[in-house]
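For reference, the structure discussed in these notes is given below.
The values are calculated or read from the model by the stated rules, or taken from the named source; none is laboratory data. Model, not experiment: these values are computed from the prediction. Here the Cβ positions follow ideal geometry from the backbone for every residue, glycine too, while neighbour counts run over all protein chains shown. The area values use the complete protein model at the heavy-atom level, side chains included, leaving out ligands, DNA and RNA. Shrake-Rupley method; radii C 1.70, N 1.55, O 1.52, S 1.80 Å.
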Amino acid sequence: MSFRVVGVYREPEFSPGKIEADAAILNQVLMLLRDAGAHTEAITAERFSRESLDDVALVVAMCQGAPALSRLAAMNERGAITVNSALAIRNCYRDLLGAGLMRAGIPIPDGALISTSLPLDLKKLRVLDLSAPMFVKRGDLHALGSDDVRRVEGLHQLEQALAGFARRGISLAYVQQEIRGTLIKFYGVSDGFFSAIPSDGTPLDDAIELSLKRAAQAAAAALGLEVWGGDAIVSAGSCHIIDFNDWPSFAPVRSAAASAIARQCLRLVKRHSFTRSAVFS
């Protein structure tokens with residue numbers, strides 16, 4: 001199968017401390033696609049956003065910034081396959097993520113998107129127990145640094161955290177109720193690949209892993225993602241997804257994930273080629 005593929009690296013500003021790991025998974029996917037007969041090229045998000053790439057059949061995209069997402073959406077409109085799509089990537093910004101997961105019925109902690117401007121709008125926080133611990137997360141992108149997620153207790157600490165975001169020019173914050181339990185890192189691809197890794201190193205109960213897998217796959221489908229990962233908390237025999245990401249670095253499971261991503265990309269290209277042949281025949 002001969003077709004042109006462009007891989008788009010994540011912008012350095014959206015990949016703090018993970019530039020090499022992010023590049024490694026993309027490079028491995030491109031290598032596997034090249035082995036399958038594709039003509040592949042890897043480019044920066046900045047270059048992708050300004051160059052004409054009309055003959056590209058598939059874009060495997062880790063970019064997250066507005067200029068690159070605009071180009072990604074335009075290429076999708078012209079008929080290129082995009083993994084992930086611009087809309088799916090944008091759905092993982094925190095100003096959309098919580099509401100999207102909630103509408104899909106995904107088990108998540110109670111949370112609310114609020115302005116960082118004071119005074120605090122308590123009406124938007126009615127779903128939360130303000131006397132219990134909470135996490136305050138920047139409300140636009142995923143965490144880019146240690147200061148982008150703050151654990152707080154009580155209104156005073158909450159207001160301090162919001163004021164800190166506001167001073168940094170971050171206008172929205174997502175406030176999420178804390179759930180105590182075991183942190184699970186999970187990774188998935190829409191071809192069925194799934195891996196869940198408990199932070200404490202203990203094996204995950206089969207029933208809990210199946211429950212998490214089903215919830216994560218439902219979340220990915222609701223957000224429109226082909227390649228995804230996230231964090232969950234397992235507590236008292238149940239799991240709650242606390243974060244969801246478009247195309248993580250897959251560092252602990254890179255080889256298996258790269259194979260799954262490449263398989264899914266090839267499947268999408270074949271399906272797309274068959275559909276176009278049927279339409280224009």
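Got a sec? Which of Ala61, Ala68 is under 19 Å from Leu141 (Cα atoms) and under 15 Å from the mean Cα position of the chain (by Cα)? Before the answer, list the steps.
Details: Ala68 fails: under 15 Å from the mean Cα position of the chain (by Cα).
The match here is Ala61.
Only residues that are not small (Gly, Ala, Ser) and not in a strand (DSSP E or B): list them for the stretch 179-203, please. Working first, answer last.
First pass over the stretch 179-203, keeping only residues not small (Gly, Ala, Ser): 179-180, 182-187, 189, 191, 193-194, 197-198, 200, 202-203.
Matches in the stretch 179-203: Ile179, Arg180, Asp191, Phe193, Asp200, Thr202, Pro203.
Six or more apart or on different chains, Cβ under 7 Å: which pairs go from a residue in the stretch 236-249 that's under 12 Å from Lys185 (Cα atoms) and touching a residue at least 60 places away in the same chain (Cβ under 8 Å) to one that's open to solvent by 10 Å² or more (accessible area, probe 1.4 Å) and of a type in the set (Phe, Trp, Tyr)? Could you list them?
Pro248/Tyr187
Specify which of the listed residues (Ala251, Ala218, Ala256) is within 20 Å of Tyr9 (Cβ to Cβ) and surrounded by fewer than 21 Cβ atoms within 10 Å (Cβ to Cβ).
On the way: Ala218 fails: within 20 Å of Tyr9 (Cβ to Cβ); Ala256 fails: within 20 Å of Tyr9 (Cβ to Cβ).
Residue meeting the stated conditions: Ala251.
Pick from the stretch 231-244 the residues that are touching a helix residue (DSSP H, G or I) at 6+ places or on another chain (Cβ under 9 Å) and surrounded by fewer than 24 Cβ atoms within 10 Å (Cβ to Cβ): which of them is nearest to Thr82 (Cα to Cα)? Working first, answer last.
Of all residues in the stretch 231-244, those touching a helix residue (DSSP H, G or I) at 6+ places or on another chain (Cβ under 9 Å) come to 232, 234, 237-241, 243-244.
If we keep only those that are surrounded by fewer than 24 Cβ atoms within 10 Å (Cβ to Cβ) too, we end up with 234, 237-238, 240-241, 243.
Numbers: Val234: 33, Gly237: 37, Ser238: 34, His240: 29, Ile241: 25, Asp243: 23 Å.
Among those that are touching a helix residue (DSSP H, G or I) at 6+ places or on another chain (Cβ under 9 Å) and surrounded by fewer than 24 Cβ atoms within 10 Å (Cβ to Cβ), it is Asp243.
To keep it simple, each residue is scored yes or no on (1) among the basic types (Lys, Arg); (2) open to solvent by less than 60 Å² (accessible area, probe 1.4 Å); (3) touching an Asp or Glu at 6+ places or on another chain (Cβ under 7 Å); (4) modelled with pLDDT of 95 or more.
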position	(1), (2), (3), (4)
Ala173	no, yes, no, yes
Glu178	no, yes, no, yes
Lys185	yes, no, yes, yes
Gly188	no, yes, no, yes
Ser199	no, no, no, no
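Go through (1) open to solvent by 80 Å² or more (accessible area, probe 1.4 Å); (2) closer than 18 Å to Val189 by Cα one by one and return the number of the condition Asn27 breaks.
(1)
Scan the stretch 196-235 residue by residue and report those that are closer than 11 Å to Thr182 by Cα, free of Cβ contacts under 8 Å to residues at least 40 places away in the same chain and in contact with a strand residue (DSSP E or B) (Cβ under 7 Å, 6 or more places away or on another chain).
Matches in the stretch 196-235: Pro198, Ser199, Asp200, Leu204.
What's the number of the only condition in (1) under 30 Å from Lys123 (Cα atoms); (2) assigned to a helix (DSSP H, G or I) that Gln176 fails to meet?
(2)
In the stretch 32-64, which residues are open to solvent by less than 40 Å² (accessible area, probe 1.4 Å), outside any strand (DSSP E or B) and not aliphatic (A, V, I, L, M)?
Selection gives Gly37, Phe48, Ser49, Cys63, Gln64.
Quick check: is even one residue across the stretch 16-24 open to solvent by less than 10 Å² (accessible area, probe 1.4 Å) and of a type in the set (A, V, I, L, M, F, W, C)?
No, that holds for no residue.
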